[in-house]
Amino acid sequence: QVHAVESGGGLVQPGGSLRLSCAASGSIRTITVMGWYRQAPGKQRDMVATITNDGTINYADSVQGRFTISRDNAKNTVYLQMNSLKPEDTAVYYCKLDRVLTITWTWVNYWGQGTQVTVFS
């Protein structure tokens, strides 16, 4: 069993900041990729940022320079620092764990339950 709990969403004005956290737990040996995705109403779920266990990072063009992803491998936790937020950043943000090696030597992927981020003017 693998679980991931997101926190840190909320309401913020344009130009403000929020920090999201996603803590993974359960029968985990290692998590290859941890990432954040978002889905606005009526739109598809899109990648925001991903980070591998060796520190390789990828950002969506729309957040490059404003958002920073990081992870603490010892805590199986990934963070997303979001600065200079815009109304178009409003969405439900989901944590995704890719290629999780469990204690039973199986590979699984897992989505968190999502956390709402609303940027209002």
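The values are calculated or read from the model by the stated rules, or taken from the named source; none is laboratory data. It should be emphasised that the depicted structure is a prediction, and the values quoted were computed from it without experimental measurement. Every residue, glycine as well, gets a Cβ built from its backbone with ideal geometry; the counts of neighbours run over all protein chains shown. Quick note on the areas: whole protein, heavy atoms, side chains included, nothing else; ligands and nucleic acids left out. Shrake-Rupley method; radii C 1.70, N 1.55, O 1.52, S 1.80 Å.
Looking across Ile57, Ile69, one residue alone is modelled with pLDDT of 95 or more, on the phi < 0 side of the Ramachandran plot, among the β-branched types (Val, Ile, Thr) and open to solvent by 70 Å² or more (accessible area, probe 1.4 Å). It is Ile57. Each residue in segment 50-60 was checked for being touching a Ser or Thr at 6+ places or on another chain (Cβ under 8 Å) and either among the aliphatic types (A, V, I, L, M) or outside any strand (DSSP E or B) (or both), and 3 of them qualify. Of the residues screened, Thr115 is not one that is touching a residue at least 60 places away in the same chain (Cβ under 8 Å) and open to solvent by 90 Å² or more (accessible area, probe 1.4 Å). I'm checking my understanding of the structure. Among residues of segment 81-112 that are aromatic (Phe, Trp, Tyr) and under 12 Å from Gly9 (Cα atoms), which one is surrounded by the most Cβ atoms within 10 Å (Cβ to Cβ)? Filtering segment 81-112 for residues that are aromatic (Phe, Trp, Tyr) and under 12 Å from Gly9 (Cα atoms), the one surrounded by the most Cβ atoms within 10 Å (Cβ to Cβ) comes out as Tyr93. Of all the criteria given as (1) open to solvent by less than 70 Å² (accessible area, probe 1.4 Å); (2) not in a strand (DSSP E or B), the one not satisfied by Pro41 is (1).
Taken together, Val78, Val63 contain a single residue that is surrounded by 18 or more Cβ atoms within 10 Å (Cβ to Cβ), modelled with pLDDT of 95 or more and not in a loop (DSSP other than H, G, I, E, B), which is Val78. Please tell me if Thr68 is touching an Asp or Glu at 6+ places or on another chain (Cβ under 6 Å), of a type outside the set (Asp, Glu) and within 13 Å of Arg19 (Cα to Cα). So Thr68 fails the test.
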